[in-house]
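Shown next, in structure tokens, is the structure this report addresses.
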């Protein structure tokens, strides 16, 4: 998606430790007009697929997922990152490793909101090593729901998560795949 | 907002400890069509006000804020709940007490995304004792930005936060104000 690559080139910042900061438009400040372009693009890519629900994970996936959901006319469910007193006991849960925050946490979805008849599109802002996406796929499998595919805004192609998930037979559509990056040169995109 | 009160009556569940569970449509599963009705209502209430940005707080405010932002044609910034390695050093920060989770945490916004010329509408799902909203107002004041008002989906009127914030001279528009609730009888709404 050329518009996304342009925004990453113009506004993104590469930091130590393979961190790509896109917080001026994607995951801290959120450019809602641009999110609508993302929504249109995912709709184009998943055209003809039956989708009943979008699943994402807090926090930075939520805004994108909500705007994207308008193009599919479906509700969004977000997986929570730890058990809170507001979540009932009946939940699906998986362990996820965050390399950004260097810790392991539980992701949780109430059983009420994932059903065997659901056809799920997963939406998230980043795909790096694939741990969060694996966890979300695990929740969908536990519920007996159907995974239609995953729509990712930025895939860090050099971190292996995309290959891992695609090798599981999952359709992964990434709007930009970054094959490498340096502070000096910025991002190298896969064509 | 009658549609919201109906949804709370039909889908909400009152739990021990003054917890109102509305996770089937508001803050776990998210009814995006309904969020658009919320957006229209906040637009109606803040009609004629100049607003350049919406500020919310992770996680459950984000989805609502993104949909509402479409009616004001502005970007959204969400305050993060703790310092992560993806946030640069230059941040505004305030302490917030969560009574739901019984802890104190820091909320953080990068200085880049709140400016003195900004006219801010705060959006959040709940207003109870007002600690989160006070923190968000503090961030806006630190930035020298203008606070236009706060748009709240559900205010727990009996927990005092709304009174506290209104007494500070802040315009608070709540789409439903709950004056009391019991497991048996459900919510009592202020007219």
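The values are calculated or read from the model by the stated rules, or taken from the named source; none is laboratory data. What you are looking at is a predicted structure, and each value in this text was computed from that prediction instead of being measured. Glycine gets a Cβ as well: all are built from the backbone with ideal geometry, and neighbour counts include every protein chain shown.
Observations on the model:
- Any hit, the range A:1-24, residues being without any contact (Cβ under 8 Å) to a residue 24 or more places away in the chain, under 17 Å from the mean Cα position of the chain (by Cα), crowded, with 19+ Cβ neighbours inside 10 Å and facing another protein chain (nearest Cβ under 8 Å): yes
- Taken over the range A:150-169, the criterion of being crowded, with 18+ Cβ neighbours inside 10 Å and outside any helix (DSSP H, G or I) is satisfied by A:150, A:151, A:152, A:153, A:154, A:155, A:156.
- Taking every residue in the range B:49-70 that is at positive phi and modelled with pLDDT of 95 or more and pairing it with any residue that is part of a helix (DSSP H, G or I) and buried (at least 24 other Cβ atoms within 10 Å of the Cβ), at least 6 positions away or on another chain, yields no pair with a Cβ-Cβ distance below 6 Å.
- Restricting attention to the range B:25-35 and to residues that are under 18 Å from residue A:59 (Cα atoms) and not in a loop (DSSP other than H, G, I, E, B), the residue that is farthest from the other protein chains (Cβ to nearest Cβ) turns out to be B:35.
- Restricting attention to the range A:136-184, the residues being touching a strand residue (DSSP E or B) at 6+ places or on another chain (Cβ under 8 Å) and without any contact (Cβ under 8 Å) to a residue 12 or more places away in the chain number 2.
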